[in-house]
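Q: Before we start, here is the structure in question, set down as structure tokens.
The values are calculated or read from the model by the stated rules, or taken from the named source; none is laboratory data. Just so it is clear, the structure is predicted and the values come from calculations on it, not from any experiment. All Cβ positions, glycine included, derive from the backbone under ideal geometry; neighbour counts span all protein chains shown.
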Amino acid sequence: MKYSVVVPAHNEESSIEPLYEAIVPVMEGLREEWELIAVNDGSRDGTGEKLKELRKRDNRVKVITFRKQFGQTAGWSAGFDYARGDLVMVLDADLQNDPADIPAMLKKMREENLDVISGWRKNRRDSAGMVLLSKLGNAVHRWVTGEKIHDHGCSLKIYKKEALEDLELYGEMHRYITALLSWKGFKVGEMVVRHHPRKHGRTNYSVKKKLKGFLDLIVVKFWIQYSARPMHFFGTIGGVIILAGFILGGTLGGLWLFRIISLANRSTPLLAVLLVLLGFQFLLSGVIADVVAHTYYAEKKAYSIKRVDGFE
């Protein structure tokens with residue numbers, strides 16, 4: 001199998017068949033074996049029935065049906081797990097991504113020897129509020145992760161299958177896959193793609209989702225920078241707090257010793273003690289986190305190998 005196309009769908013009854021009709025000529029034009037994996041994410045409309053009909057018409061259509069709505073990240077994760085293609089393509093089911101961009105993305109991917117290529121909705125066709133939120137989110141994403149991708153929220157992406165191995169997704173983590181893969185050493189690029197207005201149904205995006213995505217971004221930042229040695233993070237904070245406690249306590253002690261101030265009825269000595277105790281709690285958290293990380297990496301390597309030579 002050369003190509004796997006993964007499409008998560010939630011309440012996309014009106015879009016799923018037109019999307020299939022748009023995908024088929026593009027994929028057949030590539031003249032390689034391919035499959036379409038549709039993930040029915042707990043749809044409450046006729047999406048499931050539409051997918052059954054497509055499955056009967058075309059055995060290249062595979063359907064994964066969730067018991068309830070688990071979200072887009074879970075849909076991607078399930079699609080990745082079941083994909084058999086050497087290259088895995090992802091796009092939304094709402095027809096805003098254009099499958100016709102896929103051949104050009106594959107060409108750029110080959111020419112630049114990329115492991116992942118991400119779409120960039122430079123001329124985004126959404127409401128002004130959504131565009132503003134997206135630009136703000138992308139700016140924060142680039143600042144926090146250091147990644148250069150302009151549009152991390154664009155679903156239209158193509159991955160080499162090897163890049164998706166050992167990739168753990170949860171929450172709203174699908175937005176940060178390229179950042180995680182860049183951290184692992186995979187070469188990530190992007191290309192300007194078309195973006196169409198939504199014609200059917202309602203958007204599933206909201207301010208609440210954006211907030212959840214921001215919270216996941218904090219996790220991604222921590223994971224990229226401190227996953228192998230969380231003690232470096234907690235230990236630094238703990239050390240600074242302990243130092244502040246000792247400085248405060250030492251200063252108060254010196255002033256009291258030289259009878260410059262009286263410590264009676266003052267809360268600052270308690271604050272100094274509290275800072276020291278809090279600092280030690282951070283250090284203890286760092287030790288525990290390090291033990292957890294050690295247990296994790298005992299089963300999963302802390303690196304990603306592109307190739308090996310000389311091993312039989």
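Q: For segment 262-276, how many residues are in a helix (DSSP H, G or I) and of a type in the set (G, A, S)?
A: Total satisfying the criteria: 1.
Q: Sticking with this one: Right, L263: without any contact (Cβ under 8 Å) to a residue 24 or more places away in the chain, surrounded by fewer than 16 Cβ atoms within 10 Å (Cβ to Cβ) and not assigned by TED's automatic domain parsing to the domain that holds F222 or not?
A: yes
Q: Can you name the number of the only condition in (1) over 29 Å from A179 (Cβ atoms); (2) in contact with a Gly (Cβ under 8 Å, 6 or more places away or on another chain) that T73 fails?
A: (1)
Q: Condition first: more than 24 Å from the chain's Cα centre (by Cα) and surrounded by fewer than 16 Cβ atoms within 10 Å (Cβ to Cβ). Now tell me which residues in segment 224-236 satisfy that.
A: Across segment 224-236, the qualifying residue is only T236.
Q: Can you find even one residue in segment 279-289 that is under 30 Å from K161 (Cα atoms), crowded, with 17+ Cβ neighbours inside 10 Å and either of a type outside the set (G, A, S) or modelled with pLDDT of 85 or more (or both)? Lay out the reasoning, then the answer.
A: From segment 279-289, those under 30 Å from K161 (Cα atoms) are none; that's our starting set.
Scanning segment 279-289, I find no residue that is under 30 Å from K161 (Cα atoms), crowded, with 17+ Cβ neighbours inside 10 Å and either of a type outside the set (G, A, S) or modelled with pLDDT of 85 or more (or both), so the answer is no.
Q: Say whether the condition of being more than 13 Å from V5 (Cβ to Cβ), more than 22 Å from the chain's Cα centre (by Cα), of a type in the set (A, V, I, L, M, F, W, C) and surrounded by fewer than 21 Cβ atoms within 10 Å (Cβ to Cβ) is met by at least one residue in segment 103-113.
A: There is at least one residue in segment 103-113 that is more than 13 Å from V5 (Cβ to Cβ), more than 22 Å from the chain's Cα centre (by Cα), of a type in the set (A, V, I, L, M, F, W, C) and surrounded by fewer than 21 Cβ atoms within 10 Å (Cβ to Cβ).
Q: If you don't mind, there's one more thing I want to ask. Within the group D58, D41, D81, D98, which residue is surrounded by 15 or more Cβ atoms within 10 Å (Cβ to Cβ), out of contact with any helix residue (DSSP H, G or I) (no Cβ under 7 Å at 6 or more places or on another chain) and not hydrophobic (A, V, I, L, M, F, W, C)? Show your work before the answer.
A: On the way: D58 fails: surrounded by 15 or more Cβ atoms within 10 Å (Cβ to Cβ); D41 fails: out of contact with any helix residue (DSSP H, G or I) (no Cβ under 7 Å at 6 or more places or on another chain); D81 fails: surrounded by 15 or more Cβ atoms within 10 Å (Cβ to Cβ).
Of D58, D41, D81, D98, the one residue that is surrounded by 15 or more Cβ atoms within 10 Å (Cβ to Cβ), out of contact with any helix residue (DSSP H, G or I) (no Cβ under 7 Å at 6 or more places or on another chain) and not hydrophobic (A, V, I, L, M, F, W, C) is D98.
Q: One residue is enough: does segment 127-144 have a residue meeting the conditions in a loop (DSSP other than H, G, I, E, B), in the same structural domain as E32 (by TED's automatic domain parsing), modelled with pLDDT of 85 or more and of a type outside the set (V, I, T)?
A: Quick first cut of segment 127-144, residues in a loop (DSSP other than H, G, I, E, B) only: 127.
Filter again for in the same structural domain as E32 (by TED's automatic domain parsing), leaving 127.
With the extra rule that they be modelled with pLDDT of 85 or more, the set shrinks to none.
Looking through segment 127-144, none of the residues is in a loop (DSSP other than H, G, I, E, B), in the same structural domain as E32 (by TED's automatic domain parsing), modelled with pLDDT of 85 or more and of a type outside the set (V, I, T).
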